[in-house]
1. What are the residues in the stretch 283-327 that are aromatic (Phe, Trp, Tyr) and exposed (fewer than 15 other Cβ atoms within 10 Å of the Cβ), if any?
2. Kindly evaluate PHE449 against the criterion of being touching a residue at least 12 places away in the same chain (Cβ under 8 Å) and among the aromatic types (Phe, Trp, Tyr).
3. Any idea which of (1) free of Cβ contacts under 8 Å to residues at least 40 places away in the same chain; (2) buried (at least 17 other Cβ atoms within 10 Å of the Cβ); (3) part of a loop (DSSP other than H, G, I, E, B) is the one VAL630 doesn't satisfy?
4. In the list THR408, THR492, which residue meets the criterion of being assigned by TED's automatic domain parsing to the domain that holds ALA295, under 30 Å from GLY276 (Cβ atoms) and β-branched (Val, Ile, Thr)?
5. Restricting to the stretch 219-239, give me the number of residues that are of a type in the set (Lys, Arg), buried (at least 17 other Cβ atoms within 10 Å of the Cβ) and not in a strand (DSSP E or B).
6. Please go through the stretch 555-602 and pick out each residue that is part of a loop (DSSP other than H, G, I, E, B) and of a type outside the set (A, V, I, L, M, F, W, C).
7. Residues that are more than 20 Å from GLY133 (Cβ to Cβ) and in contact with a helix residue (DSSP H, G or I) (Cβ under 9 Å, 6 or more places away or on another chain): does the stretch 214-226 have at least one?
8. In the stretch 153-212, which residues are within 18 Å of MET106 (Cβ to Cβ), acidic (Asp, Glu) and touching an Asp or Glu at 6+ places or on another chain (Cβ under 6 Å)?
Amino acid sequence: MLSTSVLCHGQGHAQTQVQAHPQSKSGKDAPASGTRMSGSEKAQALTNDEQIEVKAQRQNRMEVKSGGNLGALGNKKGLDVPFNVRSYTSALILNQQSQTLGEVLMNDPTVRTTYGYGNFSEQFVIRGFPVYGDDVSIDGLYGITPRQLVSPQLYDQVQVLNGASAFLNGAAPGGTAQGGNVNLEFKHAGDTPLTRVTGDYTSSSMGGGAIDVGRRFGRDKQFGVRINVAGRSGVSAIDREKRHQVAVGGGFDWHDSSKRTRVTIDMAYENQGVNGGRGGVFLSGVTSVPKVPGAGANYGQPWTYTELNYIYGKLKIEHDFTDYLTSYAQFGGLGGNEKGDYGSVTVTNSQTGAAYNGAMYVPYVQTNKSTQAGLRAHFHTVGLKHEINAGGSGLWEDAATAYAFALTNQSTNLYHPTYYRSAQPETWIGGNIDNPKLNSRTRLWSLFFSDTVSAFHDRVALTAGFRYQSIKAVGYNYGVGDPTSYDKGAFTPVVGLVVHPTRQTSIYFNRIEGLSQVPAASGNVVNLGQVFPPYQSVQYEVGAKYDIGRFSTTVSLFQIDKPNAYAVPLGNTGQFLYAVNGQQRNRGIEFTVNGEIIKGLRFNGGTSIIDADQRRTSGGLYNGNRAIGVPGYTINGNLEYDLPFLRGATVTGRVIHTGHQYVDNLNTLRVPNWTRFDLGARYSFVVEHKAITTRLGVDNIANSRYWESAFGGYLLQGLPRTFKFSITADF
């Protein structure tokens, strides 16, 4: 007879496997398909199906893991490192039907998502500082991630590191990541064959699907292949906003029979587009924040669009010379081609909603190459255990771009928009918009070294190290005038301490720095074009962790001091000098909880409290004021419960709350706090010995309207009520 068993795939999803048993003791073959089964055979088949059903439910759960990729230090368990890091797995991405990277990070109580300046790109705010899409890494490599929108279906883990990371990852090419870092890990084949097909629907009329196939081949299963294809297209829950997405990824790996040599190749293509999208709202000359329009209202113009195409990938080679010495090297690249007509709404009267549309066309062609190599060694000296990490990294980034502004603005209204078929004629052009030329060239290289010394059976671990980072940038100013150049370097040290009072707990401390390029002096200043040493922000953090595998929690206190540059008047001469004089100090407390509280009940959430203080501002005008767009606190709670009376059924609920924010440096324009509730359910069952899972989710179930973010000095409205439905089958 046929027996069915469930095996757990590496990504934590249920798999079914049908095996033909050998002949019975009597010498007769097992019954063929369609043969009448005896009572005992029916009972066995029923039992097997029940096992599939139960295991499908168990493995198809929300998952958040402690730990992740820490760049120079490699992949580490969260309990053992002096940093706050956690990973959101592909199980969570699938169960929550996440369609962008921002929707995945919506689960994190310490992260908030907003849009880029005037476009539809997602950027993230961690510890009160931005992380641009340019500065999201893949397997620790900067510069190879799609920089505006990311399709999460290709990734096994989305990892969040809270805090500065110049030593761990080097300087981010986009100049951000001062308060945290986001890292992605591609999917690879597990030991169990995987064939998964998913179909999905999102309101108001968007359909899509995904295919996920993984296999291992060879005598020792040394070859692995993982193919992912995902796509969707239609109208989103925002009125008239159309979106489309196609993502194709292939992960290929090989190891020798001893597994001492490992090679992985990851390749991906992504296309995303937005037509008639609802962008951010700018303010001009207003004395109050305008009321929020209807939750699904779209005040964006129908002629706006963005079209994004990326080809990217990487090669990684690792070799263990001994059990105590490992070398690694990886090389990645990205080719990006972006273009779009972007329209911004600027409100001039908060009471009436009177506004005007701006218009800008921007093509952007990007070619990046990124590399990293190093050694990891373990050895003992006089009762002390050492882990040495040494290596270097390099990044080459060329960007060709241009722009065209429409100087005549179109009148409109935030609450009663006037729609135009096209933007005003583009009358202010920079560069060649039909064939953009090289506009900027960035070269980053670094060398790093660290030693982690452990004692008392690993109960105490001290990490000390440094990275020397060189930043060279050349700007070509759209072919007008001489190029401006920047060539500076800096040392960024790190010190971290971990103490384990018990095997399940740790207390930690770190002193680490952030590093980013300072913009060259520009505008009406006497030192036009002057370059400065890189910004070096300094972080101090202390915290405690508890981790028993199925449940973990972390509490941390931190302070980050980041320099700021601005133009200051030179006496009464009417002239200005650009200088690094200002500072932003962010202090806060973070508390996160992830895992199974009791059997069948899981929780993911926590809170972040931040005091983002402006210091040493020009003339002291903003001293003591809160930084723009940084809420005083954020709270998340994501709950899952397996229904005891219906095997295979799980209900979910999520609450997201964000405190008030300010849109201006004077702190006179205040954005109210907001709360969003999401509900969902999923059900796993068996059909013909195949695990099937259906999912239904409703985001913003109350259809609340709110300004989600004021970061950057402009308003971003939260999404309206959105229905999501999907069905997944494992073959």
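1. Step one: list which residues in the stretch 283-327 are aromatic (Phe, Trp, Tyr), which gives 299, 303, 305, 310, 312, 321, 324.
PHE321, TYR324, listed by residue number.
2. Values: touching a residue at least 12 places away in the same chain (Cβ under 8 Å): yes; among the aromatic types (Phe, Trp, Tyr): yes.
Yes: the conditions hold for PHE449.
3. (1)
4. Values: THR492 fails: under 30 Å from GLY276 (Cβ atoms).
Only one candidate qualifies: THR408.
5. Here is the first cut: in the stretch 219-239, the residues of a type in the set (Lys, Arg) are 219, 221, 226, 232.
Next, only the ones that are buried (at least 17 other Cβ atoms within 10 Å of the Cβ) stay: 226, 232.
From what's left, not in a strand (DSSP E or B): none.
The qualifying residues number 0.
6. Listed by number, the residues that qualify are GLY571, ASN572, THR573, GLY574, GLN575, LYS599, GLY600.
7. The first filter runs over the stretch 214-226 and keeps only residues more than 20 Å from GLY133 (Cβ to Cβ), leaving 214-226.
This time we only want the ones that are in contact with a helix residue (DSSP H, G or I) (Cβ under 9 Å, 6 or more places away or on another chain), so: none.
No, that holds for no residue.
8. Correct list: empty.
The values are calculated or read from the model by the stated rules, or taken from the named source; none is laboratory data. Small disclaimer: the values here were computed from a predicted structure and weren't measured. Because the Cβ atoms are built from the backbone with ideal geometry, glycine has one as well, and the counts that use them run over all protein chains shown.
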